[in-house]
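Read through the structure below, which is laid out as structure tokens, and then see the notes.
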């Protein structure tokens, strides 16, 4: 009986976390519908990439690069490509990895069964967090113009010129540490 109890505790310890949701791993960037990527994003097509920097860093980068002085920084940021004006809006989103930790509940049940008493107070279940979370941050950018509502849509005429611009913007953001340098590059 003791061997079975020890074996079951050993198995529970090593196999107790069941993943419910795993955040996407984006190597470079991803073009997807906003609502499909994260609830709360617009239904438009968005350009998404992982953000390894701290919170509000992209906001500070855009504010400095486009010299917006904290005015409409995350919505309707204008940029020009080949004398055509486009606008982008961005969203900082967090997607959590989520797993259920079964060890505290199963340990309490096994402990009460081993002692033969069902009225024992739980040892681990009340204090332990049953769901483990860790977050991944992403920047989602939507682009529009006065003639098109969604410039990243598959059949958009602007997609071929806007996409390289967004790739360069992402690369510049990730490689720049002092955002005032960006002003001089422009």
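Looking only at residues in the range 133-165 that are over 13 Å from residue 84 (Cβ atoms), in contact with a strand residue (DSSP E or B) (Cβ under 7 Å, 6 or more places away or on another chain) and surrounded by fewer than 15 Cβ atoms within 10 Å (Cβ to Cβ), the one that is modelled with the highest pLDDT is 135. Among the residues making up the range 137-169, those that are touching a residue at least 40 places away in the same chain (Cβ under 8 Å) and more than 17 Å from residue 34 (Cβ to Cβ) are 145, 146, 158, 161, 165, 167. Screening residue 81 on (1) closer than 14 Å to residue 169 by Cβ; (2) touching a helix residue (DSSP H, G or I) at 6+ places or on another chain (Cβ under 6 Å); (3) buried (at least 17 other Cβ atoms within 10 Å of the Cβ) shows it passes everything except condition (3). In this structure, is residue 91 in contact with a helix residue (DSSP H, G or I) (Cβ under 9 Å, 6 or more places away or on another chain), closer than 25 Å to residue 46 by Cβ, at pLDDT 60 or above and assigned to a strand (DSSP E or B)? Against the criterion (in contact with a helix residue (DSSP H, G or I) (Cβ under 9 Å, 6 or more places away or on another chain), closer than 25 Å to residue 46 by Cβ, at pLDDT 60 or above and assigned to a strand (DSSP E or B)), residue 91 qualifies. The set of residues in the range 63-76 being within 15 Å of residue 46 (Cα to Cα) and either in contact (Cβ under 8 Å) with a residue 40 or more places away in the chain or part of a strand (DSSP E or B) (or both) is empty.
The values are calculated or read from the model by the stated rules, or taken from the named source; none is laboratory data. If you're wondering where the values come from, they're calculated on a predicted model, not measured in any experiment. Quick reminder, even Gly has a Cβ in these numbers, built from the backbone with ideal geometry, and neighbours come from all protein chains shown.
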